[in-house]
Ligand code: H2U
Ligand code: ZN
């Protein structure tokens, strides 16, 4: 295929993980914008906020007390979406009114006691603390016999619906495989059955060879704007070694995961010199007791911003009714992110050079 020509011609790209198409319209990037302008987010400037539910020593919204924690802090969500004990109910009238109860555990993990310390501004030790907490949460939840899936995710910024500016993520564990991991599971399994290799290992090799969509990498991880990206600056973080879940990462790889997450989030913040909003999360093997050797650990970043800190992409119209669509090509997005500095803009001196 002539990939060069794709960069100026409307076309569809196939997402092999979700087995769906995205429409790419590169000829449309100059389209004028007279629509919604968002307020740029103002990053929290205080290390401790007496009114924050998640700061150490404060009272939470539900009335519980947050202890004076000094590193990471995980607690059961005071307003959980799922409950561990529910009556088993199932309904399937005519295959049309289908419902069933699901049980689950929802937790919140504060990344640090500091109200203003986001992932891109953490040092290696602080990042390692977050990664160890993720691994600890994943491992302990995975051991619960009825837990079949553990989802770790971070909503960063008001634009993504985060309800609190204190850096944190959520962890939802439940008894059934949710929609998107289930679709990825099917794709990874059928690729393995057909080709006797791993879809994401093979994909990463192609991307490393071509390099046009690689944003950054280290010895253990690579960040790529996927060929089939939907969001303007969407990225995929892939482990270079075939590991099925975070708990399989070796000592050195855990440090390198912190390094790669810091580097991609600094690039994101630098892109529009703002606390770049996103939803991110890890996809890992199901936790039903089977080995799931075909699974390949990865993280998705889905940021909504399009052309500045104040203009976002809306998933509306054609996207809601027909198919996802993008104007900026994944290759241009990768090039933009690649040219960003890995010194955070807030750490630069007034002269503009890194401090
Ligand atoms: P988000 O910012 O991603 O919405 O996550 C914050 C979560 O923290 C949210 O699910 C919980 C909310 O229910 N929370 C508590 O459990 N206790 C509180 O005191 C505040 C927020
Ligand atoms: Zn706080």
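With the structure loaded, tell me whether residue 328 is buried (at least 17 other Cβ atoms within 10 Å of the Cβ), modelled with pLDDT under 95 and part of a loop (DSSP other than H, G, I, E, B) or whether it fails that test. Taking the combined requirement at face value, the residue satisfies it. The single condition among (1) at pLDDT below 95; (2) more than 16 Å from ligand 1 (Cβ to nearest atom) that residue 140 does not satisfy is (1).
Given the criteria within 24 Å of the chain's Cα centre (by Cα) and within 15 Å of ligand 2 (Cβ to nearest atom), does residue 106 qualify? Judged against the criteria, residue 106 is not a match. For segment 3-47, what are the residues that are surrounded by 12 or more Cβ atoms within 10 Å (Cβ to Cβ), closer than 24 Å to residue 311 by Cα and modelled with pLDDT of 85 or more? Selection gives 7, 10, 22, 23, 24, 25, 26.
Does residue 220 count as within 27 Å of residue 287 (Cα to Cα) and touching a residue at least 40 places away in the same chain (Cβ under 8 Å)? Taking the combined requirement at face value, the residue satisfies it. Tell me, yes or no, whether segment 186-199 has at least one residue that is without any contact (Cβ under 8 Å) to a residue 12 or more places away in the chain and within 16 Å of ligand 1 (Cβ to nearest atom). No: zero hits. For segment 232-248, the criterion of being assigned to a helix (DSSP H, G or I) and within 18 Å of the chain's Cα centre (by Cα) is satisfied by at least one residue. For residue 257, the conditions (1) closer than 17 Å to residue 204 by Cβ; (2) surrounded by fewer than 22 Cβ atoms within 10 Å (Cβ to Cβ); (3) touching a residue at least 24 places away in the same chain (Cβ under 8 Å) are fulfilled apart from (2).
With farther than 23 Å from residue 282 by Cβ, surrounded by 16 or more Cβ atoms within 10 Å (Cβ to Cβ) and more than 13 Å from ligand 1 (Cβ to nearest atom) as the only criterion, which of 113, 68 stands out? It would help to see each step written out before you state the result.
Values: 68 fails: surrounded by 16 or more Cβ atoms within 10 Å (Cβ to Cβ).
Selected residue: 113, the only one of 113, 68 that is farther than 23 Å from residue 282 by Cβ, surrounded by 16 or more Cβ atoms within 10 Å (Cβ to Cβ) and more than 13 Å from ligand 1 (Cβ to nearest atom).
Would you check which residues across segment 123-179 are assigned to a strand (DSSP E or B) and within 16 Å of ligand 2 (Cβ to nearest atom) and list them? Those that are assigned to a strand (DSSP E or B) and within 16 Å of ligand 2 (Cβ to nearest atom): 154, 155, 156, 168, 169, 170.
Residues in segment 77-100 include at least one that is more than 14 Å from ligand 2 (Cβ to nearest atom), free of Cβ contacts under 8 Å to residues at least 60 places away in the same chain, touching a strand residue (DSSP E or B) at 6+ places or on another chain (Cβ under 6 Å) and in a loop (DSSP other than H, G, I, E, B).
Of the residues that make up segment 280-300, is at least one within 28 Å of residue 27 (Cβ to Cβ), out of contact with any helix residue (DSSP H, G or I) (no Cβ under 8 Å at 6 or more places or on another chain) and in contact (Cβ under 8 Å) with a residue 60 or more places away in the chain? Yes, segment 280-300 has at least one match. Going through (1) crowded, with 20+ Cβ neighbours inside 10 Å; (2) under 24 Å from residue 287 (Cα atoms); (3) more than 16 Å from ligand 2 (Cβ to nearest atom) one by one, residue 192 falls short only on (1).
Among the residues of segment 299-315, the ones that are under 15 Å from the mean Cα position of the chain (by Cα), surrounded by fewer than 22 Cβ atoms within 10 Å (Cβ to Cβ) and not in a loop (DSSP other than H, G, I, E, B) come to 2 in all.
Suppose the filter is within 15 Å of ligand 2 (Cβ to nearest atom) and closer than 19 Å to residue 153 by Cβ; does residue 52 pass it? Taking the combined requirement at face value, the residue does not satisfy it.
The values are calculated or read from the model by the stated rules, or taken from the named source; none is laboratory data. What you see is a predicted model, and the numbers here were worked out from it, not measured in a lab. Every residue, glycine as well, gets a Cβ built from its backbone with ideal geometry; the counts of neighbours run over all protein chains shown.
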